[in-house]
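> First the structure, which I've put down as structure tokens, then a few questions once you've had a look.
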Ligand SMILES: Cc1cc2nc3c(=O)[nH]c(=O)nc-3n(C[C@H](O)[C@H](O)[C@H](O)COP(=O)(O)OP(=O)(O)OC[C@H]3O[C@@H](n4cnc5c(N)ncnc54)[C@H](O)[C@@H]3O)c2cc1C
């Protein structure tokens, strides 16, 4: 493992050669100040600058553009909602709305965001190797296959159109991607694969071209009405958006959406291979560059990159005591080995040398549902808790925040993640024990399902899902 790069934010970030953006911090009151230069903050800056060219807009980041999950992710621009559909539906129903309809609108809005993001990228000349090959959700066990069949039904009930998802047989699956032991799969049409660091840095370029100021190495410590306190001094603005995802709990504020137990940073770790020779690709297939996921409880997500590598991610060590963040992304050997094992389980017998490993933090609320808040009195907005599904929904979040700041009531401002607050996370050490126990249950459940060949989901996994709030 000595030649494998570890951390350094991510393979994507290192190879994209991110350039510094060190505009001086503004001394005048800004119309819009955005904290966090990930996808959410930059989409918000982009849309605001296009719709209000007269506004003064500044984006600040504690580190640099794409330092967070936006520069480290699996590059799945997917249709997956940033939350548990059953929870959002229940909330809408208890507010007197049609819960199913609320989720269908949400689903359609997230799916539309993919096309909108791809259109903007094209218009702005952002080449992040994007390709809309869909995603393949593959079952390697009978229990996984049963779950996929059920998922298909739930997806259709919750807003996917029948022509957006197809159920593929074992042989149809293996024709697309030759996953060992594949029993069947769901193919989702809309998903696109991207290089995340090229996407986020291309978006930062576009934002700067529109006259937005980006100030890196400017960490917000406290946010209150009109003022963001940083180590470089206080910044003033009429409207403030806080888009720092897994770090939201570290910022002091008395406003809605903040608080140290509102969400926790959960680790997601990735490994990427060296470019693989044609002979390997001949055996694996994967010609459409579909994003790939398995149906295990300890699931993986993967993509084939433009330059012929496999990037694959999963949980590994899921959570650091005290909600410590992933820092520069260094990964422990155990996690790397578990991801290598997962890769070998998909494509046994292939030589798949690893080039780089890293991890990042995803923001997870207690019910795994993202929440979006805008306080009219202070004019501070915050969105967080994408739970690993932010690459497309960050655009939707940014548009919604802006519409709320403009005082508009639209289809977007009625979506069920608006003002959705979960209950608080338990204090430590219960939190650490709970998260680790849940992933342990999932690992044991996966092993049981594989060993027994049962068509039914393990009781342990059902129990774990209910405990964690993941059950739909
Ligand atoms: C390994 C990994 C794989 C993932 N894979 C996928 C995937 O394939 N598909 C998908 O949809 N989602 C995926 N996600 C999740 C997705 O990347 C996120 O949901 C999304 O990028 C969140 O964007 P964001 O802009 O809200 O937050 P971030 O990208 O985390 O950006 C937050 C920014 O805020 C800055 N910041 C933090 N604190 C402060 C402060 N106090 N002051 C100023 N700035 C601050 C950070 O430096 C950072 O740049 C993955 C995440 C990880 C970690």
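The values are calculated or read from the model by the stated rules, or taken from the named source; none is laboratory data. Nothing here was measured: the structure is a model prediction, and the numbers come from that model. Cβ placement follows ideal geometry from the backbone for every residue including glycine, while neighbour counts extend to all protein chains displayed.
> Can you tell me which residue is farthest from the ligand (Cβ to nearest atom) among those in the range 44-56 that are in a helix (DSSP H, G or I) and in contact with a strand residue (DSSP E or B) (Cβ under 6 Å, 6 or more places away or on another chain)? Write out each step before concluding.
Initial filter on the range 44-56 (in a helix (DSSP H, G or I)): 44-51.
Among the residues that remain, those that are also in contact with a strand residue (DSSP E or B) (Cβ under 6 Å, 6 or more places away or on another chain) are: 44-45, 48-49.
Numbers: 44: 9, 45: 11, 48: 15, 49: 17 Å.
Checking each candidate, the answer is 49.
> With respect to residue 155, determine if the residue is in a helix (DSSP H, G or I) and either surrounded by fewer than 20 Cβ atoms within 10 Å (Cβ to Cβ) or more than 15 Å from the ligand (Cβ to nearest atom) (or both). Break it down stepwise before answering.
Details: in a helix (DSSP H, G or I): yes; either surrounded by fewer than 20 Cβ atoms within 10 Å (Cβ to Cβ) or more than 15 Å from the ligand (Cβ to nearest atom) (or both): yes.
Considered against the rule, which asks whether it is in a helix (DSSP H, G or I) and either surrounded by fewer than 20 Cβ atoms within 10 Å (Cβ to Cβ) or more than 15 Å from the ligand (Cβ to nearest atom) (or both), residue 155 comes out as yes.
> Is it the case that the range 195-203 has a residue that's within 13 Å of the ligand (Cβ to nearest atom) and in contact with a strand residue (DSSP E or B) (Cβ under 8 Å, 6 or more places away or on another chain)? Break it down stepwise before answering.
Step one: of the range 195-203, the residues within 13 Å of the ligand (Cβ to nearest atom) are 195-197, 199-201, 203.
Next, only the ones that are in contact with a strand residue (DSSP E or B) (Cβ under 8 Å, 6 or more places away or on another chain) stay: none.
No; the residues of the range 195-203 include none that is within 13 Å of the ligand (Cβ to nearest atom) and in contact with a strand residue (DSSP E or B) (Cβ under 8 Å, 6 or more places away or on another chain).
> Here is a list: 41, 74. Which entry is assigned to a helix (DSSP H, G or I), out of contact with any helix residue (DSSP H, G or I) (no Cβ under 7 Å at 6 or more places or on another chain), within 7 Å of the ligand (Cβ to nearest atom) and in contact (Cβ under 8 Å) with a residue 24 or more places away in the chain? Reasoning before the result, please.
On the way: 74 fails: assigned to a helix (DSSP H, G or I).
After ruling out the rest, the residue left standing is 41.
Residue-by-condition table, conditions (1) farther than 29 Å from residue 222 by Cα; (2) away from the ligand (no atom under 15 Å from the Cβ); (3) surrounded by 18 or more Cβ atoms within 10 Å (Cβ to Cβ):
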position: 337; (1), (2), (3): yes, yes, no
position: 342; (1), (2), (3): yes, no, yes
position: 365; (1), (2), (3): no, no, yes
position: 386; (1), (2), (3): no, no, yes
position: 400; (1), (2), (3): no, no, yes
position: 423; (1), (2), (3): no, yes, no
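> Among the residues of the range 218-231, is there at least one that is at pLDDT below 95, at negative phi and either surrounded by fewer than 16 Cβ atoms within 10 Å (Cβ to Cβ) or within 14 Å of the ligand (Cβ to nearest atom) (or both)?
yes
> So is residue 105 near the ligand (Cβ under 10 Å from one of its atoms) and either farther than 15 Å from residue 415 by Cβ or not in a loop (DSSP other than H, G, I, E, B) (or both) or not? Full working, then the answer.
Numbers: near the ligand (Cβ under 10 Å from one of its atoms): no; either farther than 15 Å from residue 415 by Cβ or not in a loop (DSSP other than H, G, I, E, B) (or both): yes.
Against the criterion (near the ligand (Cβ under 10 Å from one of its atoms) and either farther than 15 Å from residue 415 by Cβ or not in a loop (DSSP other than H, G, I, E, B) (or both)), residue 105 does not qualify.
> Tell me which residues, restricted to the range 319-363, are at positive phi and over 23 Å from the mean Cα position of the chain (by Cα).
Taking the range 319-363 first, the residues at positive phi are 322-323, 327, 329, 349.
Matches in the range 319-363: 349 only.
> Does residue 173 satisfy the criteria of being farther than 27 Å from residue 100 by Cβ and touching a strand residue (DSSP E or B) at 6+ places or on another chain (Cβ under 8 Å)? Give the steps one after another, and end with the answer.
Values: farther than 27 Å from residue 100 by Cβ: yes; touching a strand residue (DSSP E or B) at 6+ places or on another chain (Cβ under 8 Å): yes.
Yes; evaluated as a whole, the condition is true for this residue.
> Something else now. Using the structure shown, decide if residue 250 is surrounded by fewer than 21 Cβ atoms within 10 Å (Cβ to Cβ) and within 11 Å of the ligand (Cβ to nearest atom).
Details: surrounded by fewer than 21 Cβ atoms within 10 Å (Cβ to Cβ): yes; within 11 Å of the ligand (Cβ to nearest atom): yes.
Spelling it out, residue 250 is indeed surrounded by fewer than 21 Cβ atoms within 10 Å (Cβ to Cβ) and within 11 Å of the ligand (Cβ to nearest atom).
> Next up: Please go through the range 360-375 and pick out each residue that is in a strand (DSSP E or B) and touching a helix residue (DSSP H, G or I) at 6+ places or on another chain (Cβ under 7 Å). It would help to see each step written out before you state the result.
Step one: of the range 360-375, the residues in a strand (DSSP E or B) are 360-365, 371-375.
Answer for the range 360-375, where residues must be in a strand (DSSP E or B) and touching a helix residue (DSSP H, G or I) at 6+ places or on another chain (Cβ under 7 Å): 360, 361, 362, 363, 372, 374.
A quick yes/no check of all residues on (1) touching a residue at least 12 places away in the same chain (Cβ under 8 Å); (2) within 23 Å of residue 101 (Cβ to Cβ); (3) surrounded by fewer than 24 Cβ atoms within 10 Å (Cβ to Cβ):
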residue: 369; (1), (2), (3): yes, yes, no
residue: 381; (1), (2), (3): yes, no, no
residue: 391; (1), (2), (3): yes, no, no
residue: 407; (1), (2), (3): yes, no, yes
residue: 411; (1), (2), (3): yes, yes, yes
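> Restricting to the range 15-38, and then to whatever is surrounded by fewer than 23 Cβ atoms within 10 Å (Cβ to Cβ), in contact with a helix residue (DSSP H, G or I) (Cβ under 8 Å, 6 or more places away or on another chain) and under 18 Å from residue 75 (Cα atoms), can you tell me which residue is modelled with the lowest pLDDT?
Per the criteria, the residue is 18.
> Being at pLDDT 95 or above and outside any strand (DSSP E or B) narrows it down to one residue among 248, 238; which is it?
Values: 238 fails: outside any strand (DSSP E or B).
One residue alone meets the criteria, 248.
> Follow-up. For the range 448-470, enumerate the residues that are exposed (fewer than 14 other Cβ atoms within 10 Å of the Cβ) and within 22 Å of residue 267 (Cα to Cα).
Hits for the range 448-470 are 466, 467.
> Got a sec? Which of 311, 302, 234, 295 is in contact with a strand residue (DSSP E or B) (Cβ under 6 Å, 6 or more places away or on another chain) and free of Cβ contacts under 8 Å to residues at least 24 places away in the same chain?
Numbers: 311 fails: free of Cβ contacts under 8 Å to residues at least 24 places away in the same chain; 302 fails: free of Cβ contacts under 8 Å to residues at least 24 places away in the same chain; 295 fails: free of Cβ contacts under 8 Å to residues at least 24 places away in the same chain.
The unique qualifying residue is 234.
> Looking at the range 181-230, what strands (runs of 3 or more DSSP E) fall wholly within it and have at least 2 residues that are under 21 Å from the mean Cα position of the chain (by Cα)? First the steps, then the outcome.
Working: elements: 184-188, 213-215, 220-224, 227-230.
Hits in the range 181-230: 184-188.
> State all residues of the range 341-359 that are in contact with a helix residue (DSSP H, G or I) (Cβ under 8 Å, 6 or more places away or on another chain) and over 21 Å from residue 329 (Cα atoms); if no residue qualifies, say none.
Kept after step one, since they are in contact with a helix residue (DSSP H, G or I) (Cβ under 8 Å, 6 or more places away or on another chain), are these residues of the range 341-359: 347, 350-352, 354-359.
Those that are in contact with a helix residue (DSSP H, G or I) (Cβ under 8 Å, 6 or more places away or on another chain) and over 21 Å from residue 329 (Cα atoms): 347, 350, 351, 352.
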